[in-house]
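K.L.:
Once you've had a glance at the structure underneath, I'll fire off some questions.
The values are calculated or read from the model by the stated rules, or taken from the named source; none is laboratory data. If you're wondering where the values come from, they're calculated on a predicted model, not measured in any experiment. Neighbour counts run over all protein chains shown; Cβ positions are idealised from the backbone, glycine included. Surface areas here come from the heavy atoms of the whole protein model, side chains and all, with no ligands, DNA or RNA. Shrake-Rupley method; radii C 1.70, N 1.55, O 1.52, S 1.80 Å.
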Amino acid sequence: MKTLATELIGRAATAPDQVAVIDRFGEHRLGDVVDCARSIADALAAHDAAAPTVIVQADNTWHTLAGAIGVGLRGGLVAVLSPHATASEFDLAVEDIAPDAVLADDDVLAHWGADDGRFSRRLSSGASRTVLARPEFGPIDRWSGGTAIAMTSGSTGRPKCVVQSEDAIRYAAQSTIDAVGLRAGDAIGAFVPLSSVAAFCFGMYLPAFLGGTMVCIDRWTPSGALAAMRDHDVAWTMLVPTMALQLSIADGSDVPLTALRAMTVGGGPMNVRALSEAEQTLGTTFLRVFGMSECLGHTTPLPTDPPERRLGKDGKPFPGTVVRAVDASGATLPAGQIGDAQVRGPSLFVGYAREGKPHPPELTQDGFLPTGDLVEVSDDGFIQVMGRQKQIIIRGGRNIDINEVESAIASIPGVVQVCVVPVPDDMLGERAAALVVAGGAEMTLASVTDQLDRSGFPKFKWPEYVFAVEDLPQNRVGKLSRPDAIALATRLAGQSV
C-alpha cells in the first residue's frame, strides 16, 4: 500500500477538497482521509519504527481507506477482516497472519475478542478507531513483497488468507481501468464487502488509484445500490452475479442507470438469457469476467464486444496473463476443447498466509496455477468457464453434473437464478433439489420438469425437488453459499415429505 499512500499524499497536497469517499456518514474529502491516515501512521511509528502487519476492520466506509493508507505510509501490510467475522475466525486470522497490531472500532475489537491481552498496547492515534499493538513489531520482509491479505469466503473447509502484492493489485486495477475506459474523477461503486480480496482491489484500491470517488452503501440492498448509483453518477462497479441479478428485479430497476458505463459481473454461475434480460432492464452493459482471489480479475471482455461474447463467454485474459485448458496429463488442449483451467500472470498471488508468512502456491513447472475450474478457450482468445471440476450429485450410483442441470433450468423463461444441490436420501444416497429465483413466474416441480422434458433434457437428470425462493443463500461477500443452499434445500425437502 506504500505506493498508493505516497500518491494520495501528493494528490491531497494539490486537491485536498476532492471527494474521495461517499458512505453512510456523508462525503469525505481526500485531505481529511489523508490526515486520518497520517495520524494512524504516526501512532504506529511512535510505538515501533518497524513496518507493521495490521489487521484492519474492513467495512465499506472511509475508515477502511484511511486505515489502509495509514499502514501503507509505514510500509506495512494490511490484512482486511470483516467486522462481522466471529471470534473464532479472528483467532484463525491471528494464527495464520501473526499480526503486529489491530485497527478497529472498540465494539468490533470486543466482538472479535481482540481486547483479551494478546495486543497489550493501546496506541493514541487521534483517529476514530482504536489501534491495539503487540510490544514489538515483527519483520515485514517475512511477507516476500506481500502488501494485502484477505480471507477467502470459506465456503468449504478452513478459510484461507490470500497474500497479494501491491504490484499485482495495481496491475489488475489498471487492466480494468483500461478495458472499461474509466477516467480520473469517475465514481466507482464499492458495494461488495471490502473484506474480500477482489473488493479490496476493485472497490477500494481502484478508485483511489484512479483518482475517483469510492461510493459505498451501509449494507447490501438492491434498492440501496440502485439509489447510490443514480444519486452519485456511478460510472462502474463490480458485483457477483447474485447481486447483479437482484438489481434487475428490484423496485425502480426500470429506470435506466444512465451514468453507468459498464458493470462487471463475476464470481459465480451465470446464464446468458438472465444476464441479457437484466442489462436491458437496467439500461447498462454487463461485462462477464473470470477471476479469483489468487489471481485477481484476470479476464474481461470490452464494452464494445458483441453481447453474445460479453454475456456468453468470460472475457479475454488481461494483457500479460495466460489462461489455458489442459488434459489430465497437463498437456495444453487445442482451442475449443474443455479441460482443467490453469492461469499465469502478473496478478498471481504471493501465497497463503500460514504461521505469519506466505506459503507459496503449488504451481506447475512452467509457473501456472491450477484453478479447480473447467474451461474452454476459443480460437479468438475468449474463454468460457464450464464449472468446477468436482460438482456432482451421486443418485443411486449415477453421477449427475450440477452445472449441466443448472444450465438447463436457467434456460427456462422466467428463471432469474438457480442453484442445484444434493439433498440426502436413505435409499438413493442423494437426490437433486433446485432452488429457483423467478421474476414473478410460478416455478413448481411440474412446470420445471415439463420444460425440461420439452427441451429433451435427460429424465434421470431432472431435479426431484423444486423450491421457489426470493433469494439464494449468500456468504458475506455476496457470493452463492452452497453449504447454506444445501442446508436450506434439505430442510425444505424434509418439510415436503
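K.L.:
Considering segment 473-489 alone, what residues qualify as being assigned to a loop (DSSP other than H, G, I, E, B) and of a type in the set (Lys, Arg)?
P.N.:
If the condition is that a residue be assigned to a loop (DSSP other than H, G, I, E, B) and of a type in the set (Lys, Arg), then 476, 479 are the ones that fit.
K.L.:
Return the residues of segment 476-497 that are crowded, with 19+ Cβ neighbours inside 10 Å and among the polar types (S, T, N, Q); say none if nothing qualifies.
P.N.:
481
K.L.:
Name the residues in segment 328-344 that are farther than 30 Å from residue 96 by Cα and either open to solvent by less than 50 Å² (accessible area, probe 1.4 Å) or within 19 Å of the chain's Cα centre (by Cα) (or both), would you?
P.N.:
330, 331, 333, 336, 339
K.L.:
Still on this structure, please answer the following. All but one of (1) open to solvent by 10 Å² or more (accessible area, probe 1.4 Å); (2) under 28 Å from residue 164 (Cα atoms); (3) of a type in the set (S, T, N, Q) hold for residue 248; state the number of the condition that does not hold.
P.N.:
(2)
K.L.:
Identify, from the list 334, 361, the residue that is assigned to a loop (DSSP other than H, G, I, E, B), in the same structural domain as residue 101 (by the TED database) and touching a residue at least 60 places away in the same chain (Cβ under 8 Å).
P.N.:
On inspection, the qualifying residue turns out to be 361.
K.L.:
Is it the case that segment 104-111 has a residue that's part of a strand (DSSP E or B), within 16 Å of the chain's Cα centre (by Cα) and of a type outside the set (D, E, K, R)?
P.N.:
No, segment 104-111 contains no residue that is part of a strand (DSSP E or B), within 16 Å of the chain's Cα centre (by Cα) and of a type outside the set (D, E, K, R).
K.L.:
Go through segment 414-439 and give me each residue that's free of Cβ contacts under 8 Å to residues at least 60 places away in the same chain and open to solvent by 50 Å² or more (accessible area, probe 1.4 Å).
P.N.:
Within segment 414-439, 426, 427, 430 meet the criteria.
K.L.:
Of these, 230, 288, 261, 310, which one is in contact with a strand residue (DSSP E or B) (Cβ under 8 Å, 6 or more places away or on another chain) and either more than 19 Å from residue 202 (Cβ to Cβ) or surrounded by fewer than 22 Cβ atoms within 10 Å (Cβ to Cβ) (or both)?
P.N.:
One residue alone meets the criteria, 261.
K.L.:
Quickly run through segment 45-101 and pick out the residues that are outside any loop (DSSP other than H, G, I, E, B), more than 27 Å from residue 22 (Cα to Cα) and open to solvent by 10 Å² or more (accessible area, probe 1.4 Å).
P.N.:
45, 46, 47, 87, 88, 89, 91, 92, 94, 95, 96
K.L.:
Would you please name the residue that is farthest from residue 211 (Cα to Cα), looking only at residues in segment 9-29 that are in contact with a Leu (Cβ under 7 Å, 6 or more places away or on another chain) and assigned to a helix (DSSP H, G or I)?
P.N.:
12
K.L.:
Quick test of your reading of the structure: residue 26 fulfils all but one of (1) under 27 Å from residue 225 (Cβ atoms); (2) in contact (Cβ under 8 Å) with a residue 24 or more places away in the chain. Name the failing condition by number.
P.N.:
Against the list (1) under 27 Å from residue 225 (Cβ atoms); (2) in contact (Cβ under 8 Å) with a residue 24 or more places away in the chain, residue 26 comes up short only on (2).
To keep it simple, each residue is scored yes or no on (1) open to solvent by less than 20 Å² (accessible area, probe 1.4 Å); (2) assigned by the TED database to the domain that holds residue 141; (3) closer than 25 Å to residue 415 by Cα; (4) in a loop (DSSP other than H, G, I, E, B).
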{"residue": "275", "(1), (2), (3), (4)": "yes, yes, yes, no"}
{"residue": "297", "(1), (2), (3), (4)": "yes, yes, no, yes"}
{"residue": "303", "(1), (2), (3), (4)": "no, yes, no, yes"}
{"residue": "346", "(1), (2), (3), (4)": "no, yes, no, yes"}
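K.L.:
Which residue, of 168, 173, 179, is in a helix (DSSP H, G or I), touching a residue at least 40 places away in the same chain (Cβ under 8 Å) and open to solvent by less than 10 Å² (accessible area, probe 1.4 Å)?
P.N.:
Exactly one residue qualifies, and that residue is 168.
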